[in-house]
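Let me begin by presenting the structure, written as structure tokens, before commenting on it.
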Amino acid sequence: MKAKLLVLVVLVLAPLAAIHAAAAAPASKPNILVILADDLGYADVGFNGCKDIPTPNLDTLARSGVRCTSGYVTHPFCSPTRAGLLTGRYQQRFGHENNPAWLPQSTVAGLPLSQTTLPQILKTAGYVTGCVGKWHLGAHLQFHPNRRGFDEYFGLLGGGHVYLPGAKGSAEYQIPMDRNGRSEPLTEYLTVVLAREGSSFVARHKGQPWFLYLTFNAPHTPLQVTDPLMERVKHITDETRRSYAGLVVGLDDAVGVVMNALRESGQAENTLVFFLSDNGGPVSVTHSDNTPLRGAKGDVFEGGIRVPFLVSWPGRLPQGQDYAQPVISLDVFATAVALTSANVPAGHTLEGTNILPYLMGRQGGAPHDRLFWRSGGGAKFAVREGDWKLVGGRNGKTQLFNLAEDLGESKDLAAVRPEVLTRLSQTYAEWNKDNVAPLFESPQANRPKAPKKAGQK
Ligand code: CA
């Protein structure tokens, strides 16, 4: 009789325990917040040594986590970088190597539907997914964020936007805001609006694991800044840099607003935050600063691809530390998958690494044996292996640098270390075998230019 009672008790309680476990499970899964800046220079944040632009909120975020001093993106300009980030794969594997023009009728100019995205995968692990901000992965309805894995979307679908309501700009830069497929007018300063929408997502989804891809278009052109922002950077004498600085300060404010929303809703300890720029600063355009790196947006020199890069997770990751081994935007996807046990479909080969064990100090060595870049179908390419960096192009001389001794890539060692040059050239050729030709071209205005001759900047 007692045994029967015990069986009965177990039968009654077991489902309750299962329900309890299921209810508790989501809380154990951390939220994932990816904050992407647009065209932010390596040296234009306080945490990387900037002196003239105040970025207190970003500096606080840096102190709360790990600063990756060799943090890379997979491309030196906007859309391909985003394609790599959201698929966890080198975007040259599937032909996304240029910026799509604003072509709402084109089913080609956008992130290929053959690719699975990070939000699609996180949804299999019970995550609610949101994108707020710049999309730039295709204008056709089939490429809309809501069709590419995001439960919620608000933002600018093109490659950029005017910041001030009613300001003049190209057609792409004046399209209305999009909220889940419906148009809304821009009624306030854009960076402020994106901060509020990001904060709203964070607050509304407390209690359920969420992924937010918060992609500011700041500090990308146009250099449109409110008077109060300009007041805070009036000490900067160069007019172009002063306006750019205003955009950066607006971005920093916005990051502060969203991080505050995280804290106020009690989610700071349960949220893994990545902050990075989609490419280096376009120095000649915005007077951004990639010091001490050579080159700018569009280059495969460090200035085009090494970006401000933070990873923060209070309580889980070290705080206020630097990590010097190379990491790359591809790692966001791989890290998210490892954290959440999300299902990656067969055939979707991830090319990043779960970097948390490295950042936690549990794993030594480097997360990557080597990293690769290719732009313009091979017009420019680069390889990093340890301290070595190979930089080449279809029409230019292939150069070799040692970044440990020459971070500014000023001393070409190709003739001094021919065996390294040969090895890295072969490594690149091997990697390149798995790439395809670009599926679409960038609009004429922002096509990558042919490489300049050796020694030129
Ligand atoms: Ca960009």
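Here are some notes:
Residue-wise test of (1) open to solvent by less than 10 Å² (accessible area, probe 1.4 Å); (2) in a loop (DSSP other than H, G, I, E, B).
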residue: 219; (1), (2): yes, yes
residue: 228; (1), (2): no, no
residue: 245; (1), (2): yes, no
residue: 248; (1), (2): yes, no
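- Candidates 256, 280, 295 - the one that is within 16 Å of the ligand (Cβ to nearest atom) and open to solvent by 10 Å² or more (accessible area, probe 1.4 Å): 295
- Single match in 440, 401 (criterion: at pLDDT 95 or above, under 19 Å from residue 81 (Cβ atoms) and surrounded by 14 or more Cβ atoms within 10 Å (Cβ to Cβ)): 440
- Any hit, segment 104-118, residues being in contact with a Lys or Arg (Cβ under 8 Å, 6 or more places away or on another chain) and within 16 Å of the ligand (Cβ to nearest atom): yes
- Test result for residue 341, over 21 Å from residue 408 (Cβ atoms) and either within 16 Å of the ligand (Cβ to nearest atom) or buried (at least 24 other Cβ atoms within 10 Å of the Cβ) (or both): no
- Total residues in segment 395-418, condition within 12 Å of residue 300 (Cβ to Cβ) and touching a residue at least 40 places away in the same chain (Cβ under 8 Å): 3
- Candidates 79, 114, 64: the one that is surrounded by fewer than 24 Cβ atoms within 10 Å (Cβ to Cβ) and either out of contact with any strand residue (DSSP E or B) (no Cβ under 6 Å at 6 or more places or on another chain) or free of Cβ contacts under 8 Å to residues at least 12 places away in the same chain (or both) is 114.
- Screening residue 53 with (1) open to solvent by 30 Å² or more (accessible area, probe 1.4 Å); (2) away from the ligand (no atom under 16 Å from the Cβ) gives one miss only, at (1).
- In segment 62-83, residue nearest to residue 439 (Cα to Cα) [restricted to those that are of a type in the set (S, T, N, Q) and more than 9 Å from the ligand (Cβ to nearest atom)]: 74
- Qualifying residue in segment 266-276 (condition: surrounded by 21 or more Cβ atoms within 10 Å (Cβ to Cβ), within 13 Å of the ligand (Cβ to nearest atom) and at pLDDT 95 or above): yes
- Condition check for residue 301: in contact with an Asp or Glu (Cβ under 6 Å, 6 or more places away or on another chain) and surrounded by 24 or more Cβ atoms within 10 Å (Cβ to Cβ): yes
- Filter result (in a helix (DSSP H, G or I), free of Cβ contacts under 8 Å to residues at least 60 places away in the same chain and surrounded by fewer than 19 Cβ atoms within 10 Å (Cβ to Cβ)) within segment 173-199: 174
- When each of 100, 145 is tested for being in contact with a helix residue (DSSP H, G or I) (Cβ under 8 Å, 6 or more places away or on another chain) and open to solvent by less than 10 Å² (accessible area, probe 1.4 Å), the lone residue that passes is 100.
The values are calculated or read from the model by the stated rules, or taken from the named source; none is laboratory data. A quick note: this is a predicted structure, and the numbers were derived from the prediction, not measured. Here Cβ is always computed from backbone atoms with ideal geometry, including for glycine, and neighbour counts include all displayed protein chains. Just so you know, the surface numbers come from the protein's heavy atoms only, side chains and all, with ligands and any DNA or RNA stripped out. Shrake-Rupley method; radii C 1.70, N 1.55, O 1.52, S 1.80 Å.
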